[in-house]
Amino acid sequence: MLGTNLWKESLPSPVGTYNHTLHGLSPCPLTRVTAGETAADPQSRHSNLSKGGVRLAASVGTLGPFPTFDPCPCAHWSPVLADDFVVPFALQSPPSLEFEMLYLIGLGLGDAKDITVKGLEVVRRCSRVYLEAYTSVLTVGKDALEEFYGRKLILADREEVEQEADNIFKDADVSDVAFLVVGDPFGATTHSDLILRATKLGIPYQVIHNASIMNAVGCCGLQLYKFGETVSIVFWTDTWRPESFFDKVKKNRENGMHTLCLLDIKVKEQSLENLIRGRKIYEPPRYMSVNQAAQQLLEIVHNQRARGEEPAITEETLCVGLARVGAEDQKIAAGTLQQMCTVDLGEPLHSLVITGGTLHPLEMEMLNLFSIPESQSINGL
């Protein structure tokens, strides 16, 4: 019979150990076999994760005491035989707990409680937790997140993510690392780049999804399957006033599709002078409002008319402004593009939808719930 405390090195065959050699790994020095409980039902098959390790019940034979295994990151099991004691191949696949992983976790759109249960479990067990802090913002700050998660968070700005990602990947091959993203992890192309870089380094990853503005925009009543290509509207400067995105708005309108406009966010940005001089001096954060976006759109309309072009939209085009979607104080306003220039939706973040022209009756009925008071009925736009 097995003793009460046997180390695998003392056994003729690795009793109760993981079969590392099948997977090209060296034996794990942490694997230990100890005497455990006697199963009430020798035919049962189960595994029980606990602080003491993983208890495996046998599936065949009349068995003696059951061993307790110290957890091994390899997570592969093999049946072994020692004297009259059999440890079965009780698990047909690796345990559900995963090790040495990069997790990209969506936080949703509201507050600290919008994280999924799965996401919260991962956050609480990771060795390091980063909070992406430049593609979007929550309605609560870092301190509120840390209090609810029970973990310290490391702020990751654009420079950290795009230029110094090695800091995030450091030790991700030997311990779990979490990267938290407001909304859904795939709401920004930057996060796809993180996955590609992790893959090249041989670091496994897992994505835990959540709500984002890309699907939550349906709260305004416009049907999601009638949205075309999404566009971004950036802050204009004295020397840079891009209009190229307007071609996508035109294409969407021609196809009867709505256009979701994501509005610019400037967080930890440097002025051109400070950038050239290499000075780490940053501009105050700026978040584009629906008013600013509408004003820039109207200027594009005027510019196109001045060039003799027929603009895709006009001052009377029906639009929808959204603010803080997912938060308790979210606001929605439906009216003309001209009205969007003066509507007050309060604090960021804002988004703007340019409708695709013909609306379904249900869409019109829903938008009437949010029509700007001084405007005519949505049906008349």
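The values are calculated or read from the model by the stated rules, or taken from the named source; none is laboratory data. Computed from a prediction, not measured in an experiment: that's the story for all the values here. Please note: Cβ atoms are built from the backbone with ideal geometry, for glycine as well, and neighbour counts cover all protein chains shown.
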ask   = Among the candidates 328, 299, 365, which residue alone is of a type in the set (Asp, Glu) and under 25 Å from residue 234 (Cβ atoms)?
value = 299
task = Inspect all residues belonging to the stretch 295-306 and state whether any of them is touching a Lys or Arg at 6+ places or on another chain (Cβ under 6 Å) and either modelled with pLDDT of 95 or more or of a type in the set (S, T, N, Q) (or both).
result = no
ask   = Mind checking which residues of the stretch 253-277 are among the aliphatic types (A, V, I, L, M) and touching a strand residue (DSSP E or B) at 6+ places or on another chain (Cβ under 7 Å)?
value = 257, 260, 262, 263, 265
ask   = Quick check: is even one residue across the stretch 242-254 closer than 30 Å to residue 362 by Cβ and surrounded by fewer than 13 Cβ atoms within 10 Å (Cβ to Cβ)?
value = yes
Qualifying positions in the stretch 132-158 - modelled with pLDDT of 90 or more and either surrounded by 20 or more Cβ atoms within 10 Å (Cβ to Cβ) or among the hydroxyl-bearing types (Ser, Thr, Tyr) (or both) = 145, 149
task = Would you list the helices (runs of 4 or more DSSP H) that sit entirely within the stretch 265-381 and hold 1 or more residues that are buried (at least 20 other Cβ atoms within 10 Å of the Cβ)?
result = 290-306, 337-340, 361-368
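I'd like to check something: does the stretch 316-327 contain any residue that is among the basic types (Lys, Arg), closer than 21 Å to residue 251 by Cα and modelled with pLDDT of 95 or more?
No, there is no match, as no residue in the stretch 316-327 is among the basic types (Lys, Arg), closer than 21 Å to residue 251 by Cα and modelled with pLDDT of 95 or more.
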message = Can you list the helices (runs of 4 or more DSSP H) lying wholly within the stretch 161-217 that have 1 or more residues being under 14 Å from the mean Cα position of the chain (by Cα), modelled with pLDDT of 90 or more and surrounded by fewer than 17 Cβ atoms within 10 Å (Cβ to Cβ)?
response = 189-200, 213-216
